[in-house]
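Scroll down for the structure; my scribbles are underneath it.
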Amino acid sequence: MKKWIASGLGLMMLSTTFVACGGEEQKTPSGGETYVPEEIHICSFTQQNTDEAYLKREATASSPALYYYSCECGKKDDDFFAYRPMGIVDEGYIRYDVATTALKNKTIGYGAQIDTDTFMPWNNPLGGGLTADEEAMFKQRVADMNLQYTRVKFFPEYFERANDNDDPNSFDAEASGVDFECAEMQALYKVLDICEENCVKVDLSWNGCNTWFHSFDGKYTFTKEGDTCVGGTWLGYNTSQYWTTAPRMEEGFDGYAEYAENISVMLDYLINVKEYTCIYGFSVIEELFYDKSDTRDWEEYVKCCKVIQDRLIKDGLRDKLQFIGTTPQYTASQGTAKAFAEGQEPLKDVYDICGMPNYRFNNKTSGIVNFFKGIMEKCEEIDKGLVISEFCQGGVGSASPFLDAVNKTDIDDYDAGLYISRFMIASADNGVGALNHYILGDTWFNGRADYTYTDGDEDRYYHKCDDVCKNNCTVKWDNSDGYIHTMGLWQYRDNAWKAHPEYYFWSLICRYTDSGSEIYRIRKEGETKLKEDVMLVSFRLPDGSWSYMIANNTTETQKIAIVNENADSLVSFKKYVVTEAGIPEDRAVVLPSASGTVDATTGVAHVELAPKSFTVLSNKA
């Protein structure tokens with residue numbers, strides 16, 4: 001463009017032409033005339049006009065459209081910007097819509113059971129429990145997963161190994177049978193320390209009275225004399241065929257009151273003396289609430305819970321904790337929902353949250369979507385949330401994979417992992433607040449010491465063996481009645497702590513949710529119910545980030561578009577995928593890494609789902 005300069009008479013022409021906005025040459029006065037032009041417009045290419053005149057390239061399924069920047073005068077630039085219309089679903093994709101309002105109940109947390117057995121000394125054949133490196137590994141795995149919730153099995157005999165006194169209204173902490181520093185309690189503190197450090201909500205769960213209790217130090221144990229256990233539990237029935245019973249109720253001994261005292265004293269000690277803040281609540285399990293005739297009576301269980309409730313109110317503890325419920329055992333003729341409703345009714349003023357286990361389904365059975373209907377109707381009626389207190393892939397009758405209570409035939413099946421992701425989606429879609437996978441990692445249960453000798457001032461313990469071994473002192477712990485619980489997310493030491501397939505699914509679920517997340521249902525366009533072939537749910541986390549969780553249980557690739565009209569969902573997501581082919585061959589315990597990004601800044605996340613896969617889209621940091 002030619003220049004003009006100012007003179008005392010106005011603007012002096014230095015050349016014969018100039019370029020105005022629009023690019024056309026304009027003639028200027030000739031000779032030495034002075035000239036005062038109209039205001040000169042200089043193009044500024046800041047407009048993002050999506051009219052067809054500015055289109056550089058049309059959008060495709062994987063790429064947005066490109067448009068040239070323009071000036072307000074209409075001229076287009078050489079530079080361009082990307083654009084995808086808001087809410088537009090590409091051809092060939094099935095539309096799914098995120099609800100615009102969240103469900104009533106926020107999540108309490110997703111997690112897995114950590115029992116004190118994990119840190120008992122028998123978990124190391126040379127003594128002392130897990131090695132320092134193994135403990136560090138365990139802690140790191142909890143942190144990496146973002147474990148949010150756990151249930152911890154507890155027995156009254158862990159610290160009150162013998163009755164403190166005959167008065168359940170006055171606890172004697174100095175009694176010889178009371179020990180807050182024994183091996184069983186030290187193992188509990190290790191679990192709680194990890195939970196405290198990682199903000200894991202703890203359900204401390206009384207499992208009844210331990211019929212065959214033997215303390216690790218050997219001071220309290222049992223022997224069998226016919227059908228009677230001499231020693232073992234002081235609180236339960238020592239004639240039971242079961243390892244756990246209800247508190248003993250007989251003339252001169254009020255077991256319910258003693259049980260309530262035990263629970264209150266322990267919770268008070270942990271909260272007010274040890275100052276743990278991670279204890280979210282407590283539960284009292286009915287599963288093995290057997291009386292002296294080895295039968296379960298729900299009415300008796302209800303009476304016991306009410307005694308516990310009254311004791312915690314009296315001791316000023318009740319308002320500090322959630323009383324987490326359970327469900328009566330039921331028969332097939334009763335049905336789950338009916339038994340659940342009948343069980344919760346007499347406890348609706350006792351429980352804060354309803355609870356139940358679930359091992360009824362596996363990835364080959366149907367019904368997980370409809371399973372919760374009657375159950376949640378009862379929860380809504382009594383205004384309670386619901387916790388799945390323990391679960392993993394299961395089945396009924398011939399479909400059951402269980403070999404016994406702690407071993408399954410399917411533990412290393414890929415489908416077991418796909419199932420738990422589908423069960424989580426179905427439960428979240430119904431407003432379930434917490435899921436506790438049973439268990440976190442494979443664990444050695446129930447070791448004990450049978451032989452002792454004194455080395456100076458230190459007692460040492462040995463496994464049951466011959467004199468040579470006792471003299472050599474190479475193996476200290478008796479694991480003769482122990483066993484490995486193999487239903488965890490990773491294997492035990494004998495398999496180098498490698499992952500079971502379920503780990504890769506559950507670790508993503510925990511990592512990309514948080515306690516207190518809002519749950520938003522996702523529905524296929526034109527449908528009102530969740531389907532079992534492709535299952536989806538979304539979470540809005542407390543920090544404002546979003547996570548979509550999607551399980552494709554079909555054998556075909558699915559192309560879906562998730563439309564979310566909530567304003568803060570217009571983001572770019574990282575994509576995490578679990579497929580059978582993608583399970584690490586070495587079973588390394590590492591979280592699946594992002595496989596790409598999905599642009600949802602226009603309110604639509606287009607994603608292709610691999611057959612039989614689990615996908616997480618999240619913008620959580």
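The values are calculated or read from the model by the stated rules, or taken from the named source; none is laboratory data. All figures in this text were calculated on a predicted structure; none of them were measured in a lab. Every residue, glycine as well, gets a Cβ built from its backbone with ideal geometry; the counts of neighbours run over all protein chains shown. Please note that ligands, DNA and RNA were not included when accessible areas were found on the heavy atoms of the full protein model with its side chains. Shrake-Rupley method; radii C 1.70, N 1.55, O 1.52, S 1.80 Å.
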The helix 255-268 Cα axis meets the longest alpha-carbon principal axis of the chain at an angle in degrees, between 0 and 90 and rounded to 10, of 50
Taking 30 Å as R0, compute the FRET efficiency from the Cβ-Cβ separation of Asp133 and Thr597 and round it to 0.05.
0.25
Binned at 10 Å starting from 0, the alpha-carbon pair-distance distribution of segment 71-230 in whole percents comes out as 8, 23, 22, 15, 9, 8, 6, 4, 2, 1, 0
Of the listed pairs Lys384/Lys408; Lys274/Lys306; Lys498/Lys524; Lys306/Lys529, which have alpha-carbon separations greater than 30 Å here?
Lys384/Lys408; Lys498/Lys524; Lys306/Lys529
Quick calc, the chain, dipole around Cα centre from Cβ unit charges on Lys, Arg (+) and Asp, Glu (-), nearest 20 debye, gives 2260
Run the accessible area of the chain with a 1.4 Å probe and give the carbon-and-sulfur part as a rounded percent.
47
Which one of Phe216, Pro247, Val200 is farthest out on the positive end of the charge dipole of segment 191-271, using unit charges on Cβ (Lys, Arg +1; Asp, Glu -1) and the Cα centre as origin?
Phe216
Hey, can you rank 554-565, 205-216, 83-94 by average C-beta count inside 10 Å, highest first?
205-216, 554-565, 83-94
Rounded to two decimal places and with Rh computed the Kirkwood way over Cα pairs, what is Rg over Rh for segment 537-621?
0.99
Taking square-rooted eigenvalues a ≥ b ≥ c of the alpha carbon gyration tensor, is segment 115-201 rounded, prolate or oblate, where a/c under 1.5 means rounded and, failing that, a/b exceeding b/c means prolate?
oblate
Simple label model, 7 Å out from Cα along Cβ direction - Phe253 to Ser170, nm
2.1
Counting Lys +1, Arg +1, Asp -1, Glu -1, what net charge surrounds Arg248 among other residues with beta carbon under 10 Å of its beta carbon?
-3
Provide the per-residue ³J(HN,Hα) series for segment 401-412, in order, calculated from phi with Karplus coefficients 6.51, -1.76, 1.60 and θ = phi - 60°, each as a whole number of Hz, with x at glycine and proline positions.
x, 6, 8, 7, 5, 10, 9, 9, 7, 9, 4, 10
With +1 assigned to the C-beta of every Lys and Arg and -1 to the C-beta of every Asp and Glu, and no other charges, what is the dipole magnitude of segment 252-309 about the Cα centre in debye, to the nearest 20?
180
Compactness summary of segment 296-422: radius of gyration and Dmax from Cα atoms, Å, are 16.7, 50
Spacing of the two label points (7 Å from each Cα toward its C-beta) at Asp533 and Lys306, in nm
5.1
Which one, Met549, Ser421, Gly316, is farthest towards the positive end of the dipole of the chain when Lys and Arg carry +1 and Asp and Glu -1 on their Cβ?
Met549
Tell me, what is a quarter of the convex hull surface for the C-alpha atoms of the chain, in nm² with one decimal?
41.3
